[in-house]
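Written out below as structure tokens is the structure these notes cover.
The values are calculated or read from the model by the stated rules, or taken from the named source; none is laboratory data. Bear in mind the structure is a predicted one, so any value in this text is a computation, not a measurement. As a convention, Cβ positions derive from the backbone with ideal geometry for all residues, glycine included, and neighbour counts pool all protein chains shown. We work out accessible area using only protein heavy atoms, side chains counted, and drop any ligands, DNA or RNA first. Shrake-Rupley method; radii C 1.70, N 1.55, O 1.52, S 1.80 Å.
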Amino acid sequence: MANPSPGNSITLRVEAPSSFSATSELAAAVGAAGAAITALDVTESHHETLVVDVTCNTTDDAHAARVKDALNALDGVTVQHVSDRTFLMHLGGKLEVVPKVPLRNRDDLSRAYTPGVARVCLAIAEDPAAARNLTVKRNTVAVVTDGSAVLGLGNIGPAAALPVMEGKAALFKQFANVDAWPVCLDTQDTEEIIRTVKLLAPVFGGVNLEDIAAPRCFEIEARLREELDIPVFHDDQHGTAIVTLAALVNALRVVDKKIEDVKIVVSGVGAAGSAIIQLLKAQGARHIVAAGRSGAIHKGETYNDPHRTWIAENTNQDGFAGTLHEAMVDADVFIGVSAPNILGEEHIASMAKDAIVFAMANPTPEVDPAAASRHAAVVATGRSDFPNQINNVLAFPGLFRGLLDAGASDITPDMLVAAAEAIANRVNDNELNASYIIPSIFDPHVTADVAAAVAAAAHASNVATPAGPADPAAEPAPALASA
């Protein structure tokens with residue numbers, strides 16, 4: 001599973017003897033060490049030596065050290081310096097604040113700040129709803145975390161979570177022109193998180209909860225949705241569910257099966273698994289078996305949390321009480337949001353003909369995708385180095401773009417389904433195949449399609465502003481950024 005990745009990209013500055021074969025010898029050594037060269041640049045040329053920047057993808061820090069050793073082992077070659085390109089990208093952070101209006105003279109200052117700004121303040125005091133048109137609120141989202149469940153790293157705390165939240169905010173801006181800002185809270189107390197987000201809410205048009213551990217994340221989202229008048233979205237739950245449903249819609253088209261007929265096994269009943277199950281049922285799935293660490297969730301067992309209780313009452317109608325491996329027999333679909341390497345090739349072989357496997361544990365999937373592909377008709381993962389990457393970035397930028405454009409106050413299941421269908425529809429019949437069931441995150445139409453579908457669903461659900469901006473002088477919503 002360890003493949004060279006851009007996430008472990010390095011640049012080695014190398015001094016080598018000046019010769020016509022120098023660069024090819026460097027490239028051969030890097031390739032023999034198992035790295036993938038992405039660039040090779042001669043930065044200096046002297047009568048006896050060359051200085052060459054060798055950029056390559058590695059698997060981890062130990063692999064990078066082996067590449068360095070391989071180059072140093074060549075006659076006359078010295079590695080002067082190794083730069084980690086991922087760390088270089090993060091120097092000083094990935095975000096900045098840039099004014100939208102010019103401040104060139106006293107006239108500009110008088111309108112952007114005092115005394116003119118006082119008139120705007122009084123207008124908002126008289127009509128608080130005007131803040132959406134007259135402040136950053138109309139296009140700003142808070143990306144909120146407590147650092148308790150960051151990627152696959154676990155409970156690493158708010159400071160260590162900040163690079164992820166910065167990245168999320170950058171994706172919001174790049175793909176949907178939404179101004180998002182990291183809000184990393186130094187508490188993991190449910191009530192403190194809820195109170196803090198409520199206190200910050202006047203600034204934002206929406207809240208994206210991120211990397212908050214289950215089961216705390218469920219209560220936080222539910223309470224904030226109930227107590228705030230702006231949409232609150234837990235991306236680890238619903239973003240994953242949207243893109244999973246989109247991928248499944250198209251995978252079922254490939255194998256010519258219907259969602260209401262197939263047996264679906266879901267591994268993992270935390271935040272993502274619960275949301276996936278709810279959205280699959282909203283789309284018409286009738287035969288779902290969910291499995292946790294101790295086996296299938298079923299009505300014959302008593303569960304301590306309401307989410308497992310809901311799953312027991314709304315899935316597994318036959319009362320299957322066996323293990324995950326036993327549940328895989330004759331299953332049409334496997335959806336994994338759980339742990340690495342919990343399935344072997346034999347378990348995929350036990351599935352029904354033309355099976356679909358979504359092994360989405362990251363970075364190591366539930367089953368080796370290459371092994372799964374020997375038996376399943378369609379295989380997808382959460383990784384970028386395999387076909388069919390199920391990636392939340394297909395969903396959340398467009399979703400929030402649509403929510404902000406509509407002035408939505410809440411999020412409904414119909415809006416989530418609409419987002420999934422918009423993503424699925426970006427793959428037309430001529431493009432659809434077993435290795436292409438989901439569009440690229442760089443498809444410039446995905447965000448616009450999702451935004452339009454969500455805004456339409458928001459208006460249909462009566463959770464949107466009835467008629468556009470209240471202030472005719474207000475700036476229109478930002479145009480979608482093309483990827």
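Quick notes on this structure:
- Ratio of the Cα radius of gyration of segment 135-176 to 2.2 N^0.38 Å, where N counts its residues: 1.30
- Distance histogram in 10 Å bins (all Cα pairs of segment 325-454, percent per bin): 13, 37, 30, 17, 3, 0
- Heavy atoms of L12 accessible to a 1.4 Å probe, total area in Å² rounded to 10: 0
- Whole-number D in µm² s⁻¹ for the chain, Kirkwood Cα-pair radius fed into Stokes-Einstein, 20 °C, 1.002 mPa s: 86
- DSSP H segments from the chain that extend 18 Å or more along their own axis, Cα-based, with Kyte-Doolittle mean of 0.5 or above: 158-176, 240-255, 446-460
- Every helix of 4 or more DSSP H residues in the chain counts as -39500 (n - 2.57), and over all residues that averages to -11000 deg cm²/dmol at 222 nm.
- The H on the amide N of F358, modeled in the peptide plane, is under 5 Å from the matching H of F334, I335, G336, A380, each at least 5 residues off or on a different chain.
- Per principal axis, descending, Cα span of segment 75-116 in whole Å: 71, 17, 12
- For the chain: lysine pairs under 15 Å (alpha-carbon distance), excluding those fewer than 8 apart on one chain: 11
- Per-selection Kirkwood Rh - segment 208-367 (Cα, Å, 1 d.p.): 16.0
- K68 - accessible surface, heavy atoms, 1.4 Å probe, Å² rounded to 10: 80
- Per residue, in Å², the accessible surface of the chain once ligands and nucleic acids are set aside, probe 1.4 Å: 47
- Cα-based Rg / Dmax (Å) for segment 101-239: 17.1, 53
- Surrounding net charge for V255, when Lys and Arg each add one and Asp and Glu each subtract one, Cβ distance under 15 Å: -2
- With the simple model of a label 7 Å out from the Cα in the direction of the Cβ, E44 to E191 spans 6.4 nm.
- The Rg/Rh ratio for segment 287-372 is 0.97, where Rg is the radius of gyration of the alpha carbons and Rh is the Kirkwood radius.
- Nearest-0.05 FRET efficiency for R85 and A28, computed from C-beta distance (R0 25 Å): 0.70
- Surface share of carbon and sulfur [accessible, 1.4 angstrom probe, percent] for the chain: 53
- Cβ-Cβ FRET estimate between A222 and T114, R0 fixed at 45 Å, reported to 0.05: 0.60
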